[in-house]
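The values are calculated or read from the model by the stated rules, or taken from the named source; none is laboratory data. If you're wondering where the values come from, they're calculated on a predicted model, not measured in any experiment. Here Cβ is always computed from backbone atoms with ideal geometry, including for glycine, and neighbour counts include all displayed protein chains.
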Amino acid sequence: MSWAAILALAAGTYAMKAAGPVLLGGRPLPARLVGVVALLPAAVFAALVVVDTFSQNGELVLDARAAGVGAAAVAAWREAPFLVVVGVAVVVTAAVRALPGA
C-alpha cells in the first residue's frame, strides 16, 4: 500500500469522526438515533463473534466452534448465568473436538 493511500484513508477516517460533532454541535442526538447508537455495540460484537467463529481463510466453516456457540446461545436463551454460558460453550466445543473424525 502506498503512502498516498494510507494518508487518504487516514484523512477520510478523521473526516468521518469529525462529521458528527461538526454537524450536531452541542445539540442532543435525535431520539431515533439514540436508540440506534445504543444497539451498535451489541451488533458489532455479534458480527465479530460470527466472523471469528464461522470463517477460516475467507470461507464458511462449520466445526466444533459452531457447536459451542450454538450451545452457548441456547444456554443464554434459557437465561443461564454468564459463567455457565461460557462453561457450556467450552464443554461442548471440547466434546465435539474429542469425537473421532472431528
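Output yes when any residue across region 46-56 is over 15 Å from the mean Cα position of the chain (by Cα), more than 17 Å from Val96 (Cα to Cα) and not acidic (Asp, Glu), and no when none is. Reasoning before the result, please.
Filtering region 46-56 down to residues over 15 Å from the mean Cα position of the chain (by Cα) leaves 56.
This time we only want the ones that are more than 17 Å from Val96 (Cα to Cα), so: 56.
So of that shortlist, the ones also not acidic (Asp, Glu) come out as 56.
Yes; the residues of region 46-56 include at least one that is over 15 Å from the mean Cα position of the chain (by Cα), more than 17 Å from Val96 (Cα to Cα) and not acidic (Asp, Glu).
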Output the residues belonging to region 88-102 that are in a helix (DSSP H, G or I) and either in contact with a Cys (Cβ under 6 Å, 6 or more places away or on another chain) or surrounded by fewer than 15 Cβ atoms within 10 Å (Cβ to Cβ) (or both). Val90, Val91, Ala94, Ala95, Arg97, Ala98
Single match in Arg27, Arg32 (criterion: over 30 Å from Ala66 (Cβ atoms) and under 24 Å from the mean Cα position of the chain (by Cα)): Arg32
Matching residues in region 43-102 - criterion: being at pLDDT below 90 and in contact with a Leu (Cβ under 9 Å, 6 or more places away or on another chain): Phe54
Could you count how many residues in region 44-67 are polar (S, T, N, Q) and touching a helix residue (DSSP H, G or I) at 6+ places or on another chain (Cβ under 9 Å)? 1
